[in-house]
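S.K.: The structure is given below, and queries will be raised subsequently.
We did not get these values from a lab; they are worked out from the coordinates using the rules stated. The model shown is predicted, which means the values in this text are computed figures rather than measured ones. Reconstructed Cβ throughout: ideal geometry from the backbone, glycine too, with neighbour counts over all protein chains shown.
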Amino acid sequence: MAEREFPIEFSTLTPDPRPRAWLVLPEGFEAEAEPDARSPYFDASPQALIEAFVAAALEEPRTRELRRDGLQVEIRQKSPVLRFRDYVTAQAVPAKGGGALAVYSRAVVGFWDLNVNRKRVERWIAATKEKLASS
């Protein structure tokens, strides 16, 4: 299997055309790809934002941080039964005096992910909001 690109250049990313990935970008983020959803803005520095996102992700089972480059991180989560590996790359970017997230979550195996990547990203963003609100 080919090595996954890291860090990802979100502005030129070409997402997997199969329904097994989910891309979230901030409003106004210049990118060639059309995102599946827009990131909310956070009243936190990009550094605090990426730390909260990683902390939220790592609270879930079978999840591990693999690599980090500045404000970008790659996280792997394995499926519960068959242990399929999904990869999530997230980057915090400055936005509106705080930060926002660019997130690309994708499955490696299969054609359709049954919306697993969408649900994961939505869950992790919600958990990130909670972490920042309680800090």
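S.K.: Is there a residue being within 25 Å of residue 134 (Cβ to Cβ), in contact (Cβ under 8 Å) with a residue 24 or more places away in the chain and of a type in the set (S, T, N, Q) anywhere in region 65-74?
M.R.: For region 65-74, residues within 25 Å of residue 134 (Cβ to Cβ), in contact (Cβ under 8 Å) with a residue 24 or more places away in the chain and of a type in the set (S, T, N, Q): present.
S.K.: I've got another one for you. I'm trying to understand the selection: among the residues of region 75-88, which are more than 13 Å from the chain's Cα centre (by Cα) and free of Cβ contacts under 8 Å to residues at least 24 places away in the same chain?
M.R.: Residues of region 75-88 more than 13 Å from the chain's Cα centre (by Cα): 78-85.
78, 80, 81, 82, 83, listed by residue number.
S.K.: List the number of the failed condition for residue 38; all other conditions in (1) in contact with a Leu (Cβ under 7 Å, 6 or more places away or on another chain); (2) over 18 Å from residue 15 (Cβ atoms) hold.
M.R.: It fails just one condition, (2).
S.K.: Scan region 117-126 and tell me whether some residue there is in contact (Cβ under 8 Å) with a residue 12 or more places away in the chain and more than 14 Å from the chain's Cα centre (by Cα).
M.R.: No - not one qualifying residue is present in region 117-126.
S.K.: Further question on the same structure: Where in region 1-119 are the strands (runs of 3 or more DSSP E), entirely inside, with at least 3 residues that are among the acidic types (Asp, Glu) and crowded, with 17+ Cβ neighbours inside 10 Å?
M.R.: Working: elements: 21-26, 37-39, 63-69, 72-78, 85-95, 98-107.
Counting at least 3 such residues, we get no strands (runs of 3 or more DSSP E) at all.
S.K.: Out of (1) part of a helix (DSSP H, G or I); (2) buried (at least 22 other Cβ atoms within 10 Å of the Cβ), the odd one out for residue 127 is which?
M.R.: Tallying (1) part of a helix (DSSP H, G or I); (2) buried (at least 22 other Cβ atoms within 10 Å of the Cβ), residue 127 fails exactly one: (2).
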